[in-house]
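The values are calculated or read from the model by the stated rules, or taken from the named source; none is laboratory data. From a predicted model like this one, the values you see are computed outputs, not experimental measurements. Cβ atoms come from the backbone with ideal geometry, glycine included; neighbour counts cover every protein chain shown. The accessibility values were calculated without ligands, DNA or RNA, using every heavy atom of the protein model including side chains. Shrake-Rupley method; radii C 1.70, N 1.55, O 1.52, S 1.80 Å.
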Amino acid sequence: MAIPGEKAVLYAFWASSCSWRVRAALVAKRLSFEEWSIDIVKQKQQKTETYRAICPSQKVPALVIDGVTLVESMAMLQYLEDTRPQPSLAPATPLLRAQMREIVETVVSGIQPLQNVGLRGSFEDEAQYTKFVRRWTMRGLETLEELLSRIARDHMYCVSEQLTYADICLVPQVYNAIGRHKIKINTYPTVVKLYEALLKDNVFAATHPDKVKVGSQ
């Protein structure tokens, strides 16, 4: 059962893959929410003390829901699944749930942290940062391709015949790989097939960064 509360507020940045995950989950769960833009690139609004009071790590996203503030996107997704179980974004069987988590962890642990804009200051120049990011993004895509070629088969979703958190994590990360990091993904045919099909899903069409960016300006 859902816990009563006012309309949720998502603090997010339009180009953030973590923000897109949560935005997509909120829409998939058919929840009403407001999105407040936090510019983490040009204005660096995440560095303010005002935002630090909301999110101690000074990262996006942060989600205010049911009278509490949640940070870390996967904690938010789990909370939404636990408190709003329908429509479910997790498959029914233990094996399928484990396969979903394989995809999720490959993205949230093996790709996204290694391309985070916060890492830029740890490199001497842009070229080193770009080389590092592209290397580990492509390695993650290789892993996803191998996993999905076994799991997805002829499905239009990553796991089974329904939208799950695997899809919600996959799409934003592939979008970033193509857009931000200029990686050609044609060498990952299963990833490409799923990504292109999922982009047509209403959940991703409604929450696409291009659409959100317009409203953030």
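Name the aspartates and glutamates eligible as straight-distance cross-link partners of Lys193: C-alpha to C-alpha under 14 Å, and not fewer than 8 places from it in the same chain.
Glu145, Glu146, Asp154, Asp167, Asp201
Please list His181, His155 from largest to smallest accessible area, probe radius 1.4 Å, with all protein chains kept in place.
These residues rank, largest area first, as His155, His181.
Which ³J(HN,Hα) values in Hz, rounded to whole numbers, follow from the phi angles of segment 8-25 under the Karplus curve 6.51 cos²θ - 1.76 cosθ + 1.60, where θ = phi - 60° and Gly and Pro get x?
5, 10, 10, 8, 8, 10, 4, 8, 7, 5, 5, 5, 5, 3, 6, 4, 5, 5
Can you list the aspartates and glutamates whose alpha carbon is less than 19 Å from that of Lys7, not counting same-chain residues fewer than 8 positions off?
Straight-line reach from Lys7, under 19 Å: Glu34, Glu35, Asp66, Glu81, Asp82.
Might you tell me the accessible area per residue for segment 1-62, computed with a 1.4 Å probe and given in Å²?
54
Can you check what the net charge comes to around Asp66, using other residues whose Cβ is under 12 Å from the Cβ of Asp66 (Lys, Arg +1; Asp, Glu -1)?
0
When only C-alpha pairs under 8 Å and at least 6 residues apart count, what is the relative contact order of segment 84-142, in percent?
32
Please compare each pair in Lys29/Lys182; Lys131/Lys184; Lys47/Lys213 to a cut-off of 25 Å on the Cα-Cα distance and tell me which ones are over it.
Distance filter (> 25 Å) returns Lys29/Lys182.
Using 5 Å bins from zero, what percent of all Cα-Cα pairs in the chain falls into each bin?
With a bin width of 5 Å, the distribution comes to 1, 7, 15, 19, 20, 17, 12, 6, 2, 0, 0.
Tally Lys/Arg at +1 and Asp/Glu at -1 over every other residue whose Cβ is under 11 Å from the Cβ of Leu114; what's the total?
Combined, the nearby Lys, Arg, Asp and Glu give +3.
Give the carbon-plus-sulfur fraction of the accessible surface of segment 60-182 in %, rounded to a whole number; probe 1.4 Å, heavy atoms of protein chains only.
Of the solvent-accessible surface of segment 60-182, carbon and sulfur hold 54 percent.
Treat every Asp and Glu Cβ in segment 39-171 as -1 and every Lys and Arg Cβ as +1, leave all other atoms uncharged, and give the resulting dipole magnitude about the Cα centre to the nearest 20 debye.
I would put it at about 340 debye.
Count the DSSP beta bridges whose two residues both fall in the chain, then state the antiparallel fraction as a percent rounded to the nearest 5.
DSSP beta bridges in the chain are roughly 60 percent antiparallel.
Check cross-link reach from Lys59 to the aspartates and glutamates: straight Cα distance under 13 Å, and skip same-chain residues fewer than eight apart.
Straight-line reach from Lys59, under 13 Å: Asp39, Glu49, Glu72.
Please name which of Ser149, Pro91, Leu80 has its Cα lying farthest along the dipole of segment 58-153 towards the positive end, using unit charges on Cβ (Lys, Arg +1; Asp, Glu -1) and the Cα centre as origin.
Sorting the options by dipole projection puts first Ser149.
Give the accessible area for Ser37 in Å² (nearest 10); use a 1.4 Å probe, count only protein heavy atoms, and leave out ligands, DNA and RNA.
Its heavy atoms expose roughly 50 Å² to the probe.
If you plug each phi of segment 81-98 into the Karplus form 6.51 cos²θ - 1.76 cosθ + 1.60 with θ = phi - 60°, what whole-Hz ³J(HN,Hα) values come out, in order, with x for Gly and Pro?
5, 6, 9, 10, x, 10, x, 6, 10, 10, x, 7, 9, x, 5, 5, 5, 5
Taking the Cβ of Ala12 as the centre, find all other residues whose Cβ is under 11 Å away and add up their charges (Lys, Arg: +1; Asp, Glu: -1).
0
Amide H neighbours of Leu70 under 5 Å, at least 5 residues apart or on other chains, H built in the peptide plane: list them.
Result for Leu70 returns Leu63, Val64, Ile65.
Compute the relative contact order of the chain as a whole-number percentage, counting only Cα pairs closer than 8 Å that sit 6 or more residues apart in sequence.
Relative CO of the chain lands at 23 percent.
Percent relative contact order of segment 1-108, based on C-alpha pairs within less than 8 angstrom and at least six residues apart?
Relative CO of segment 1-108 lands at 30 percent.
Beta carbons within 10 angstrom, averaged per residue: use that to sort the peptides 103-114, 193-204, 165-176, highest first.
165-176, 103-114, 193-204
Under 5 Å between amide H atoms, partner at least 5 residues away or on a different chain: which partners does Ala8 have, H built in plane at 1.01 Å?
Result for Ala8 returns Glu34.
Starting at the first residue of segment 162-176, write each ³J(HN,Hα) from the Karplus equation 6.51 cos²θ - 1.76 cosθ + 1.60 with θ = phi - 60°, in whole Hz, x for Gly and Pro.
9, 5, 9, 5, 4, 5, 5, 8, 5, 4, x, 6, 5, 4, 5
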